[in-house]
Amino acid sequence: MIEDDLRAAFARHETLTPPAGPLRSAIDRLAAARRRRRLRLRAGGAALALLGVLGIGVPQLTPDRVAEDATLLADPAGPASTGALNVLLLGVDGAAERPYRLADSVLLVHIPADRSRPYLVSLPRDLAVAIPGHGPDKLNAAFLYGAGEPRPDLKRGYELTRRVVADLTGVRVDAGAVLTYPVLRRLTDEVDGVEVCLPREVRSAHTERVFPSGCQRLDGAASVDLLRQRRGLPEGGLDRDRHAQLFAAGLIRRAGEQGVLTNPVRLSALVDTVGAELVAGLAVVDLLKVLADLKSVDPVGLSLPVGPPDDLGWRLPPDPKEAPAFLAALREDRLAQWAAQHPDRVNRTR
């Protein structure tokens, strides 16, 4: 009886109930907007990681987790949305049993104002520089001085290295990334390997792996092994810099082939792989837009011209004749002309 009375009461008041359609639609729109926002943030995190390696740009994102293996930072003044852009990439060493960090790969990625193509400018680890507060030393020591011991602060190591590079080159550093070997290994595996074309055979001093001359696709472990090699190479650290350029160029091309940066599913997978080890500095606005403006993602590899070792035998001074002209071309956004005039100074990237 009570159940019948309740049904009758509901039936009498049903006509007074407002239609649920508009409310349901509003809820659906709000939920969809929130899903899109979450997707953009996750995709942004993935692009932040990958673009840090590629040196193409960093989206506006500030994760709330502290990274051990990678950190991306921006110039405090914020980037210019037009004109040439410069991204500083630092590859650092260190392991659990050896926690100190040296920036053994220093790569300045120059994006010209005409957005023609990226230029990968290697700065030798043994380059003789003046480090604020520490005097003359090798470039790779700037990161160690800044990061400190026994638990290195990657942001501080980056900042001191950025100051040294900015003083040396005279260019503004718009953004930068600090990457360790574990992050590079995971990024490489996430894009199913990177093709690297070596001019000569390389034998690993760490694993006894042999990298034959010619083109080969490397997985994450093999890529890291190659990037670590310096001893036994004809020009030591300079050859390692060239290998880093080959790897970076191969990663750029691989990402383009797979459409990683425009595929939300691939981006989500990437952020799941490395996002927990990523931390952003101040937000970098508009750099991601550069990607769509590039006429070619096939980079040009260049190196700062250096002279023979100094009297101490372990530091390489900038070449007194060629380095000033090269740095002037970098500051004035004329690297294309400089490369055309000095074809013997252009490093192969495939």
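Out of (1) among the acidic types (Asp, Glu); (2) within 23 Å of ALA248 (Cβ to Cβ); (3) modelled with pLDDT of 80 or more, the odd one out for ASP137 is which?
(2)
Give just the number: which of (1) in a helix (DSSP H, G or I); (2) at pLDDT 95 or above; (3) touching a Gly at 6+ places or on another chain (Cβ under 8 Å) does ALA166 not satisfy?
Tallying (1) in a helix (DSSP H, G or I); (2) at pLDDT 95 or above; (3) touching a Gly at 6+ places or on another chain (Cβ under 8 Å), ALA166 fails exactly one: (3).
Please count how many residues of the stretch 190-211 are surrounded by 16 or more Cβ atoms within 10 Å (Cβ to Cβ) and over 26 Å from GLY236 (Cβ atoms).
Qualifying residue count, the stretch 190-211: 3.
Starting from the stretch 112-126, keep only residues that are in contact (Cβ under 8 Å) with a residue 40 or more places away in the chain and over 27 Å from TRP314 (Cα atoms), then list their pairs with residues that are surrounded by fewer than 23 Cβ atoms within 10 Å (Cβ to Cβ) and among the small types (Gly, Ala, Ser) whose Cβ atoms are within a distance under 6 Å, requiring at least 6 positions of separation or different chains.
Between residues of the stretch 112-126 that are in contact (Cβ under 8 Å) with a residue 40 or more places away in the chain and over 27 Å from TRP314 (Cα atoms) and residues that are surrounded by fewer than 23 Cβ atoms within 10 Å (Cβ to Cβ) and among the small types (Gly, Ala, Ser), the close pairs are PRO112/ALA84; ALA113/GLY83; ALA113/ALA84; ARG117/SER296.
Please enumerate the residues belonging to the stretch 153-163 that are open to solvent by less than 30 Å² (accessible area, probe 1.4 Å) and either among the aromatic types (Phe, Trp, Tyr) or outside any helix (DSSP H, G or I) (or both).
TYR158
Checking the condition closer than 23 Å to CYS197 by Cβ, open to solvent by less than 20 Å² (accessible area, probe 1.4 Å), within 26 Å of the chain's Cα centre (by Cα) and not hydroxyl-bearing (Ser, Thr, Tyr), which residue from LEU335, LEU330 passes?
After applying the criteria, what remains is LEU335.
Enumerate the pairs (first residue in the stretch 202-214 and polar (S, T, N, Q); second residue anywhere and exposed (fewer than 12 other Cβ atoms within 10 Å of the Cβ)) with beta-carbon separation below 7 Å, excluding pairs fewer than 6 apart on the same chain, so at least 6 apart or on different chains.
Final answer for the pair search is SER213/ARG200; SER213/GLU201.
THR207 passes all but one of (1) part of a helix (DSSP H, G or I); (2) at pLDDT 90 or above; (3) of a type in the set (Ser, Thr, Tyr); which number fails?
(1)
The values are calculated or read from the model by the stated rules, or taken from the named source; none is laboratory data. Keep in mind it's a predicted model, so treat the numbers as computed, not measured. Using ideal geometry, Cβ is built from the backbone for each residue, glycine included, and neighbour counts are taken over all protein chains shown. For accessibility, only protein heavy atoms count, side chains too; no ligands or nucleic acids. Shrake-Rupley method; radii C 1.70, N 1.55, O 1.52, S 1.80 Å.
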